[in-house]
Ligand code: UDP
């Protein structure tokens, strides 16, 4: 299976709930390595740009308001099948439909505030990683 990279965000609700370590622990236990990370408080322009694919959707403004409501932690995860692995750890977009034991089932209550983001394809992972990180900010974990 291929080693992939994916972009993950712990959203403002996850940071506010103080579960950064819990989420990181799930990544690490699943064998995913954090190869870049930063905390930042997104500007409206950054959040709108990141979610530009959703700009015609009825929830767009609320989504942007939510994403700028507090700091987020953004990280690049690397590992075998990392994109799907991270999606599996996250669970379904709507936490009520998420499989038990997933991050969203365990920590989120609503579809709009659902704790984590994860890239959904190799193409989007590449775009989303480049949205937040330069190549210099991504570390090689060879030890
Ligand atoms: N979202 C929302 N209402 C909806 C659907 C989505 O607020 O009815 C938000 C939610 O935060 C979700 C994000 O928009 O995580 C992006 O939606 P997408 O369908 O890409 O889901 P994801 O890939 O995050 O599971």
Discussion item. For region 90-102, which positions are more than 21 Å from residue 51 (Cα to Cα) and either exposed (fewer than 14 other Cβ atoms within 10 Å of the Cβ) or under 14 Å from the mean Cα position of the chain (by Cα) (or both)?
Written reply: 96, 97, 99, 100, 101, 102
Response to the item:
Those residues of region 28-62 that are touching a residue at least 60 places away in the same chain (Cβ under 8 Å) and surrounded by 18 or more Cβ atoms within 10 Å (Cβ to Cβ) come to a total of 3
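Table: residues versus (1) in a strand (DSSP E or B); (2) in contact (Cβ under 8 Å) with a residue 60 or more places away in the chain; (3) more than 11 Å from the ligand (Cβ to nearest atom).
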| site | (1), (2), (3) |
| --- | --- |
| 4 | yes, yes, yes |
| 64 | no, no, no |
| 69 | no, no, yes |
| 104 | no, no, no |
Discussion item. As an exercise: evaluate residue 118 against (1) touching a helix residue (DSSP H, G or I) at 6+ places or on another chain (Cβ under 7 Å); (2) within 12 Å of the ligand (Cβ to nearest atom); (3) more than 14 Å from residue 5 (Cβ to Cβ) and give the number of the one condition it does not meet.
Written reply: (3)
Worksheet, complete the sentence: Counted residues in region 37-62 being in a helix (DSSP H, G or I) and within 12 Å of the ligand (Cβ to nearest atom) come to 8
Worksheet item: residue 125 is checked against (1) in a helix (DSSP H, G or I); (2) within 11 Å of the ligand (Cβ to nearest atom); (3) closer than 20 Å to residue 32 by Cα and fails just one. What number does that condition carry?
Response: (2)
Item to complete: Filter region 84-99 down to residues that are touching a helix residue (DSSP H, G or I) at 6+ places or on another chain (Cβ under 7 Å) and away from the ligand (no atom under 11 Å from the Cβ), then give me how many there are.
Response: 2
Item to complete: Return the only residue of 102, 134, 110 being farther than 22 Å from residue 14 by Cβ and either in contact with a helix residue (DSSP H, G or I) (Cβ under 7 Å, 6 or more places away or on another chain) or modelled with pLDDT of 95 or more (or both).
Response: 134
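The values are calculated or read from the model by the stated rules, or taken from the named source; none is laboratory data. Keep in mind that this is a model prediction, so the values were computed, not measured. We place every Cβ from the backbone using ideal geometry, glycine too, and count neighbours over all the protein chains shown.
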